[in-house]
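Working notes, beginning with the structure itself.
The values are calculated or read from the model by the stated rules, or taken from the named source; none is laboratory data. Worth saying up front: this structure is predicted, and the values here are computed from it rather than measured. Note that we place each Cβ from the backbone using ideal geometry, even for glycine, and neighbour counts take in every protein chain shown.
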Amino acid sequence: MNMGIITSFVVGGLMLLSILAYNMQLSSSTQETTISAINQQRLNDIVEVISFDLKRVGYNNTTSFMDDPIITAEPDEIEFKTSEGNITWYTVEDDKVTTTTNPNDFYLYRDDGNGTITKYPVTHFKLMYYDKDNNVVNDISTLFQQRDVSIEVEVMVESGEPMNSRFVSGGDVNNTYHRTVWKRTFSPNNINKPWY
């Protein structure tokens, strides 16, 4: 056998393997970027509506004061008054999303008080309430009468489909989902005015 031909086959094979490895890496990177962009957009949609709503807690365009602007304040639910009606954000963790393969996602609901209920797929939703000294309010019943209140919202969204799947012992599959988290504290102007 000619040593030149054998060498050229080996070099050609190595080049082909490196091109295939590069192609697979590029494909995986593109997939992760696409899933990340879709996930971020889903979270941005939720954040935009939550931010708009929580800035309006207690807003009243006819008088300068609204009695008891917060109606319900739980770790997974908040209902508050605005001029347009009561708005409620809540979760039902048993109401799983069935259109994705992600076993962790459930629906976050927004009820505008006028019969329109919107649902968003999330994997985590938590509300925390703080008094004027930035202490956590554990007795939620006292929150309804307070005027200096901050509301912390934490939302986590995961991709509906896995980014990576690994087989583990016993034939099970370990899926990895892209995760995006948002956390913010709101101090609604309408219930935190100094003259109330």
Those residues that are modelled with pLDDT of 85 or more and loosely packed, with under 14 Cβ neighbours inside 10 Å, I need them from segment 119-133; list them, please. 126
Can you name the number of the only condition in (1) at pLDDT 90 or above; (2) polar (S, T, N, Q); (3) crowded, with 18+ Cβ neighbours inside 10 Å that residue 185 fails? (3)
Quick count over segment 136-174, residues being buried (at least 16 other Cβ atoms within 10 Å of the Cβ) and at pLDDT 75 or above, is 13
Exactly one of (1) in a helix (DSSP H, G or I); (2) touching a Gly at 6+ places or on another chain (Cβ under 6 Å) is unmet by residue 20. Its number? (2)
Going through 50, 38, 46 one at a time, which residue ends up being in contact (Cβ under 8 Å) with a residue 60 or more places away in the chain and touching a His at 6+ places or on another chain (Cβ under 9 Å)? 38
Residues within segment 69-107 that are of a type in the set (Asp, Glu) and part of a strand (DSSP E or B), tallied: 6
Which listed residue, of 82, 118, 88, 123, is closer than 19 Å to residue 181 by Cβ and among the hydroxyl-bearing types (Ser, Thr, Tyr): 123
Log entry, pairs with first residue in segment 89-117 being more than 21 Å from residue 127 (Cβ to Cβ), second being in a strand (DSSP E or B) and charged (D, E, K, R), beta carbons closer than 7 Å, six or more apart or on different chains, reads 102/158
Just a yes or no: is a residue in segment 67-78 touching a His at 6+ places or on another chain (Cβ under 8 Å) and surrounded by 16 or more Cβ atoms within 10 Å (Cβ to Cβ)? no
Quick test for you: out of 4, 58, pick the one residue that is small (Gly, Ala, Ser) and over 25 Å from residue 91 (Cα atoms). 4
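Looking at segment 39-58, can you tell me whether even one residue there is in a loop (DSSP other than H, G, I, E, B) and of a type in the set (D, E, K, R)?
yes
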